[in-house]
Amino acid sequence: MRKKIVAGNWKMNKTLDEAVALVSEVVNMIKDEVTGEVDVVLCPPALYLTTLKPYLEGQTRVALGAQNCHEKASGAYTGEISAPMLKSLGVRYVILGHSERRQYFSETNAQLADKVNSALANGLTPIFCCGESLEQRQTEVHLDFVRAQLTESLFHLSPEQFANIVIAYEPIWAIGTGLTATSDQAQEMHAMLRQHIASQYGQEVADNTSILYGGSANEKNAAELFAQPDVDGGLIGGASLKSREFTLVVKGVKN
Ligand code: PEP
């Protein structure tokens with residue numbers, strides 16, 4: 001079943017005390033104020049996951065996610081974190097292929113295919129990020145570019161495996177810039193992505209895939225973006241760092 005999801009990507013922000021405060025506040029606000037059907041995923045820095053987990057105890061609506069994992073299960077990869085490690089902490093989701101990972105850590109579509117495999121093999125739900133640069137949009141290659149990101153990192157999966165994938169469309173020019181894709185631009189890309197998934201896996205799998213929008217989404221623009229027929233929620237960076245702002249974004253999801 002296609003789910004509405006709002007995920008918060010905290011990136012490399014917050015001290016431990018601040019992280020504990022933010023999680024407690026968000027969990028309480030979601031519990032008290034959000035009535036619609038929406039799954040909330042909090043992706044703090046990985047070293048806080050164990051400490052934060054008890055704050056989610058008994059929550060059906062809020063889950064923990066990581067911001068990345070290594071493609072190998074274990075081994076001599078100093079400083080890295082594997083999917084089995086995340087699984088052992090009770091983490092449910094993992095963001096893969098964020099544009100910052102692609103840019104600063106040179107992650108490729110082929111490497112991301114391996115990361116996706118490792119995440120799925122360990123029962124984690126990948127939130128697979130894709131998205132074009134401003135130049136690619138201006139030269140009108142954006143649809144082809146994003147289509148290829150999916151093909152090269154995901155289309156080796158079986159339909160049963162693909163059913164566990166969440167997509168996040170994040171135009172690079174909109175991430176952290178205050179520029180947001182218009183709801184028409186988001187809808188165009190999301191509809192294309194769904195159609196591309198349908199061409200590989202059939203309409204039923206495509207219709208059941210959650211496709212999130214990310215890129216300067218906030219409490220002012222979330223409701224309009226999330227109201228688009230192919231936008232199933234959001235991956236939120238800056239606005240996920242304040243409990244009130246993030247809760248208002250979550251409340252932008254209408255069922
Ligand atoms: C992100 O990095 O995933 C993101 C969407 O960031 P922001 O909301 O700050 O643009």
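Report yes if some residue within segment 52-73 is touching a Ser or Thr at 6+ places or on another chain (Cβ under 9 Å) and surrounded by fewer than 16 Cβ atoms within 10 Å (Cβ to Cβ); otherwise report no.
Yes, the conditions are met somewhere in segment 52-73.
Based on this model, can you work out whether A191 counts as surrounded by fewer than 19 Cβ atoms within 10 Å (Cβ to Cβ), closer than 25 Å to D144 by Cβ and under 18 Å from the mean Cα position of the chain (by Cα)?
Working: surrounded by fewer than 19 Cβ atoms within 10 Å (Cβ to Cβ): yes; closer than 25 Å to D144 by Cβ: yes; under 18 Å from the mean Cα position of the chain (by Cα): yes.
Answer is yes for this residue.
Could you figure out which of (1) crowded, with 21+ Cβ neighbours inside 10 Å; (2) within 15 Å of the ligand (Cβ to nearest atom); (3) under 15 Å from the mean Cα position of the chain (by Cα) isn't true of A181?
Exception for A181: condition (3).
Quick one: how many residues across segment 100-131 are farther than 24 Å from K3 by Cα and more than 16 Å from the chain's Cα centre (by Cα)? Full working, then the answer.
If we filter segment 100-131 for residues that are farther than 24 Å from K3 by Cα, which is where we start, we get 100-111, 114.
Checking the rest, the ones that are also more than 16 Å from the chain's Cα centre (by Cα) come to 103-111, 114.
Within segment 100-131, residues that are farther than 24 Å from K3 by Cα and more than 16 Å from the chain's Cα centre (by Cα) number 10.
Select from segment 59-73 the residues that are of a type in the set (G, A, S) and under 14 Å from the mean Cα position of the chain (by Cα) and write down the one among them that is farthest from S99 (Cα to Cα). Give the derivation first.
Let us first name the residues in segment 59-73 that are of a type in the set (G, A, S), namely 63, 65-66, 73.
Cutting the leftovers down to under 14 Å from the mean Cα position of the chain (by Cα) gives us 63, 65-66.
On the way: A63: 23, G65: 17, A66: 15 Å.
The selected residue is A63.
Please specify each residue of segment 77-133 satisfying the condition of being of a type in the set (F, W, Y), part of a loop (DSSP other than H, G, I, E, B) and within 16 Å of the ligand (Cβ to nearest atom). Give the derivation first.
Our first condition is that a residue be of a type in the set (F, W, Y); within segment 77-133, this holds for 77, 93, 104-105, 128.
Those still in the list that are part of a loop (DSSP other than H, G, I, E, B) too: 77, 105.
Within segment 77-133, just F105 meets the criteria.
From (1) within 15 Å of the ligand (Cβ to nearest atom); (2) surrounded by fewer than 24 Cβ atoms within 10 Å (Cβ to Cβ); (3) of a type outside the set (K, R), pick out the condition that doesn't hold for Y213.
Every condition holds for Y213 apart from (2).
No value in this document is a laboratory result; all are computed from the given coordinates. All values derive from a computational prediction rather than experimental measurement. FYI the Cβ positions are ideal-geometry reconstructions off the backbone, even for glycines, and counts take in every protein chain you see.
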